[in-house]
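The values are calculated or read from the model by the stated rules, or taken from the named source; none is laboratory data. These figures come from a predicted structure and were not determined experimentally. Glycine gets a Cβ as well: all are built from the backbone with ideal geometry, and neighbour counts include every protein chain shown. These accessible areas exclude ligands, DNA and RNA; they are computed on the full protein's heavy atoms, side chains included. Shrake-Rupley method; radii C 1.70, N 1.55, O 1.52, S 1.80 Å.
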Amino acid sequence: MENKSLNTLIAGCLITSLSLVSGCKTAAPLTSDSVSVPSKPNVIVVLVDDLGWRDLGVTGSTFYETPHIDALAQKSAVFTSAYSSHPVCSPTRAALMTGRKPARLGVTDWIPGEQRQEERLLGPSVRSGLALEEVTIAEHFKSSGYRTFFAGKWHLGGEGSLPEDHGFDVNIGGHHRGSPRSYVAPYRNPKLVDGPDGEYLTDRLTSETLSFIAHDSTKPFLAFLSFYNVHTPIQPAAAHIKHYAEKAARLPEITDNHQNESGHARTKQRQDNADYASMIAAVDANIGRLVRRLEELGIDDNTILVLTSDNGGLSTIESSYKVPTSNLPLRAGKGWLYEGGIRVPMIVRYPNGNIMAGRIDHPIESTDILPTVLNLAGIDGSGVHFDGQSFLPALSGNAETGNRALYWHYPHYHTSGWKPGSAMRQGKWKLIELYETGKAELYDLSTDPGETKDLSTVHQTRTAKMRDQLQYWLQSVGADMPTPNPAFRETNQKP
């Protein structure tokens with residue numbers, strides 16, 4: 001049965017594009033008169049790999065089409081200032097699993113990372129996997145009587161540090177690799193039995209998740225569906241490619257689809273990659289399958305559903321590789337601490353939780369997800385130190401933006417062109433500290449979300465204060481810092 005109050009809300013605040021999201025200023029709490037609220041809701045976290053902030057219809061894309069996710073957004077809280085805890089995958093995944101910052105966990109690069117011997121600085125070492133002493137989202141829920149399930153990309157260590165070692169009862173497809181060998185069966189994945197030739201990986205992972213959800217109705221569940229999409233290799237989904245190939249062919253020609261970023265990298269300016277679009281379409285279709293199955297089972301109202309990404313879209317690179325997407329109007333992309341690398345989609349739905357539906361501007365990040373879902377599920381997580389904060393007040397319409405600061409630390413070089421640095425956001429202000437040059441940049445995100453105007457010399461007092469605050473935070477979490485490379489020679493540098 002449809003929720004009448006939900007239908008009324010959707011009619012008053014329909015979210016179908018970025019402009020409409022921006023125009024949706026108020027929302028009423030969702031209620032359900034016909035369903036009593038059980039003490040233990042189900043929880044599903046859907047993590048899409050490398051999904052950019054503007055890669056969905058609901059967030060403003062006109063080339064990619066995501067009707068199922070857009071429909072979900074109509075009934076959900078849509079955070080427009082949500083951030084990943086890091087601009088690359090493993091650190092954010094570690095943060096999401098534990099509610100703790102990557103710098104505190106010692107996972108500050110993708111595992112195992114790379115060490116560039118020719119650069120000015122040497123990045124710190126990176127843990128080979130998520131430490132077993134860390135308490136994960138699966139362990140929190142398992143100790144509270146939940147069935148726990150993981151499907152898809154893990155990338156937080158190999159044998160001894162796999163999902164089953166961190167509290168997940170079932171692991172389908174999660175192993176040490178960060179990208180699939182193939183999106184089409186045979187997958188050559190040691191944790192996934194091959195399906196028939198031609199089966200698409202995203203379809204398969206969703207099918208496994210749906211089977212788990214329906215397997216046992218006597219206990220609540222935590223399902224962590226971690227799509228490999230839309231990470232490289234960019235391999236089209238056969239069911240969707242024809243439509244996007246035709247759509248791309250109709251786009252007007254442009255002379256140059258890239259612009260320079262910081263003098264040594266290139267950033268894609270337009271969303272027009274048909275193969276990538278078909279991969280997003282595959283994710284969208286499977287979100288539709290997931291939502292339909294919850295409805296068929298009659299558990300959609302009592303299921304907390306979170307959909308987000310581990311970092312920004314891959315739009316910027318220092319090589320000749322053709323990146324697949326564009327994050328404009330945000331600057332740069334995956335691997336960078338500019339907004340394009342860390343601002344991500346975030347959609348949260350839980351009808352029985354009396355939460356808001358509509359646009360929410362309150363800044364949040366990946367570490368906040370675990371304390372929030374524990375809060376919503378009524379599970380006590382007070383015995384563990386979280387760096388994240390529950391955003392239940394924002395979901396309830398009672399949040400104040402306040403002066404909370406968000407921090408990032410990426411002390412490594414990345415193939416996207418990023419060089420070691422850290423960053424923080426407080427209110428409308430964004431500071432980026434660059435370790436090669438020893439300089440800092442300051443941006444006013446309220447007027448310049450594309451970070452085009454460095455105001456550090458205009459607001460010197462604010463810049464100095466934020467730099468001090470950032471350094472204090474780095475020390476407080478025991479962040480490992482880059483060190484000078486004794487073998488560095490200026491002649492090694494690229495022109």
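General observations
- Spans of helices (runs of 4 or more DSSP H) in region 52-135 with at least 1 residues among the β-branched types (V, I, T) and more than 30 Å from G383 (Cβ to Cβ): 67-74
- Filter result for A185 (over 24 Å from S90 (Cα atoms) and of a type in the set (A, V, I, L, M)): yes
- Count of region 306-325 residues, restricted to those that are open to solvent by less than 10 Å² (accessible area, probe 1.4 Å) and either within 26 Å of L225 (Cβ to Cβ) or out of contact with any strand residue (DSSP E or B) (no Cβ under 8 Å at 6 or more places or on another chain) (or both), is 12.
- Residues that are open to solvent by less than 30 Å² (accessible area, probe 1.4 Å) and either among the hydrophobic types (A, V, I, L, M, F, W, C) or modelled with pLDDT under 95 (or both) within region 428-437 comprise W429, L431, I432, listed in sequence order.
- Total residues in region 452-495 satisfying the condition of being part of a loop (DSSP other than H, G, I, E, B) and β-branched (V, I, T): the figure is 4.
- In region 259-300, of all residues being in contact with a strand residue (DSSP E or B) (Cβ under 8 Å, 6 or more places away or on another chain) and closer than 19 Å to L330 by Cα, the one that is most open to solvent (accessible area, probe 1.4 Å) corresponds to N260.
- Pairs with Cβ under 7 Å, 6+ apart, first in region 133-161 and farther than 12 Å from R177 by Cα and in contact (Cβ under 8 Å) with a residue 40 or more places away in the chain, second of a type in the set (F, W, Y) and part of a loop (DSSP other than H, G, I, E, B): A138/F168; T148/F168; F149/F168; F150/F168
- Wholly within region 406-451, strands (runs of 3 or more DSSP E) carrying at least 3 residues that are of a type in the set (D, E, K, R) and without any contact (Cβ under 8 Å) to a residue 40 or more places away in the chain: 439-444
- In region 326-349, residue farthest from E433 (Cα to Cα) [restricted to those that are outside any loop (DSSP other than H, G, I, E, B) and open to solvent by less than 10 Å² (accessible area, probe 1.4 Å)]: V348
- Pairs with Cβ under 6 Å, 6+ apart, first in region 87-116 and touching a residue at least 40 places away in the same chain (Cβ under 8 Å), second β-branched (V, I, T) and outside any loop (DSSP other than H, G, I, E, B): P87/I342; A95/T367; L96/I369; M97/I137; G99/T367
- Residues of region 157-185 that are in contact with a Gly (Cβ under 6 Å, 6 or more places away or on another chain) and buried (at least 22 other Cβ atoms within 10 Å of the Cβ): G157, P163, G173.
- Selection of region 93-116 for residues being crowded, with 19+ Cβ neighbours inside 10 Å and among the acidic types (D, E) yields only D109.
- One residue from S90, S61 being surrounded by 24 or more Cβ atoms within 10 Å (Cβ to Cβ) and out of contact with any Cys (no Cβ under 8 Å at 6 or more places or on another chain): S90
- For region 202-235, the set of residues classified as within 18 Å of the chain's Cα centre (by Cα) and of a type in the set (D, E, K, R) is empty.
- Pairs are defined by a Cβ separation below 7 Å, a sequence spacing of at least 6 or placement on different chains, a first member in region 308-324 that is without any contact (Cβ under 8 Å) to a residue 60 or more places away in the chain, and a second member that is open to solvent by 10 Å² or more (accessible area, probe 1.4 Å) and hydrophobic (A, V, I, L, M, F, W, C); the pairs so defined are V323/L314; V323/I317.
- As a summary of the residue check, N352 satisfies the conditions (1) under 21 Å from the mean Cα position of the chain (by Cα); (2) not in a loop (DSSP other than H, G, I, E, B) except for the one numbered (1).
- Residues of region 411-427 that turn out to be out of contact with any Gly (no Cβ under 9 Å at 6 or more places or on another chain), buried (at least 23 other Cβ atoms within 10 Å of the Cβ) and among the hydrophobic types (A, V, I, L, M, F, W, C), as a count: 1
- Tally, over region 117-130, of residues that are farther than 14 Å from P91 by Cβ and buried (at least 16 other Cβ atoms within 10 Å of the Cβ): 4
- When E199, E253 are checked against the criterion of being open to solvent by less than 50 Å² (accessible area, probe 1.4 Å) and free of Cβ contacts under 8 Å to residues at least 24 places away in the same chain, E199 stands alone in meeting it.
- Hey, I360 surrounded by 22 or more Cβ atoms within 10 Å (Cβ to Cβ) and more than 27 Å from R104 (Cβ to Cβ) or not: no
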